[in-house]
Amino acid sequence: MKLLIIDSNALLHRSFHALPPLTNKKGIQTGAIYGFLLTLFRAFKDISPDFVVATFDAPAPTFRHEKFKEYKAKRKKAPEEFYQQIPQAKEILKAMGIPIFEKEGFEADDLIATISKRSPKNQIYPEVENYILTGDFDTLQLVNEKTKVYTLGRGIKETVIYDKAKVKERFEIEPEQMVDFKALAGDPSDNIPGASGIGKKTAIELLKKYRNLENLYQIVEKNPKSFFIKSLKYSQRLMNILTQNKEQVLFSQILAKAREDVPIDFNIKKSEFGNFDKKKVEEILRSFDFFSLIKRIPELILRGGGQRENERIDNKGKLF
């Protein structure tokens, strides 16, 4: 069985910038929502999820901002027209019976990490496979045997599913190494500092040889004479950079890692998809002038809970 976890802010943001400005008859901007729904409907078709949840970034600062005031400080704030479409996207998701999760002090990535860790361990559907629907690569660190990332390629029409092999093919490292990669190379989009003087290529080569930061620093500090990478020049200089930036690298690791322990009331039974008020969804889509999407509602019902009605298991208790 499959759980689709929507990284809503990332997907809306990608859609907002990928499509030209769209407005309905009332003059309300709808481009981000339209692109969001196009991708969501495409994911429904490609994945046929049994369960669906949506995550959002809370407007308040996160624990990362508390630890590091400059976190995401260089990121340009989106236009007000983008933020106005977030409540409208939530309205549509609620009408489709999709639970929404957001938690003050945490980002959507933390919620996604928490849900993807818990879902395969539930007591009713123990073989759940996670699919993270997103517009960026931040959640690639969560890819494993039970979790894949379904994301956009160019624009909003091309999609790619990242499993462990696909991540390795694209980035040369394993999904579980993505956090340490950011810790070393930094991440300008989130203003994660990394180690000054270490770029992406060097970070990849270090992780290919030493696997993770723990192994790397064990060599650097306890057996420095064995530190050598043939493909990288100036090993002594590189070792000095690692030593001098150790505190900053380990701090960057904390900033980059998605938390898996967010206190949320996730119950997979409540995320079963397909039983929603068709007329209510039609009414909302019509208000946005999304007439082409209205025609696709029946296929959502068929791909969701409607086709599994006889397979349901009654459960009144909470799983988590």
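Readers should treat all values here as calculations from the given coordinates under stated rules, not as data from a laboratory. It should be emphasised that the depicted structure is a prediction, and the values quoted were computed from it without experimental measurement. Quick reminder, even Gly has a Cβ in these numbers, built from the backbone with ideal geometry, and neighbours come from all protein chains shown.
At an R0 of 22 angstrom, the distance between the Cβ atoms of S48 and N144 translates into a FRET efficiency of 0.55. Bridging of K121 to aspartates and glutamates at a Cα separation below 17 Å is possible for D50, E129, E145, E260, D261, D265, E272, once same-chain residues fewer than 8 apart are set aside.
Which of the listed residues, S48, I6, T23, is farthest toward the dipole's positive end in the stretch 2-62, when Lys, Arg count +1 and Asp, Glu count -1 at the beta-carbon? Selected residue: T23.
Dimensions of the stretch 175-256 from C-alpha coordinates, computed as largest minus smallest value along each principal axis and given longest first, are 34, 22, 20 Å. Between their Cα atoms, which of K103/K182; K74/K225; K74/K201; K117/K182 are more than 31 Å away from each other? Table pairs above 31 Å Cα-Cα are K74/K225.
For I100 and F291, the difference between the fully extended length at 0.36 nm per residue and the C-alpha to C-alpha distance is 66.3 nm.
Computed over the chain, relative contact order equals 22 percent, with contacts defined as Cα pairs under 8 Å that lie 6+ residues apart.
Rounded to the nearest 0.05, what FRET efficiency do D163 and I124 have when you use their Cβ-Cβ distance and R0 = 22 Å?
Here the calculated transfer efficiency is 0.30.
The modelled label-to-label distance between S235 and T23, using points 7 Å beyond Cα along the C-beta direction, is 6.4 nm. Taking the DSSP bridge list for the chain and keeping only pairs wholly inside it, about 30 percent are antiparallel. Placing unit charges on the Cβ atoms of the charged side chains and taking the dipole of the chain about its Cα centre, the candidate lying farthest along the positive direction among V281, Y125, V160 is V160. When the alpha carbon gyration tensor of the chain is reduced to an equivalent ellipsoid, the three semi-axes, largest first, read 39, 22, 17 Å. Out of the stretch 1-108, which GluC sites (Glu not before Pro) are coil in DSSP terms and have no more than 16 other C-beta atoms within 10 Å? Of the GluC sites (Glu not before Pro), the ones in loops of the stretch 1-108 whose Cβ has at most 16 other Cβ atoms within 10 Å are E70, E104. For Q244, put the label point 7 Å out on the Cα→Cβ axis and report which residues of the stretch 198-218 keep their amide N under 14 Å from it. Answer for the stretch 198-218: 198.
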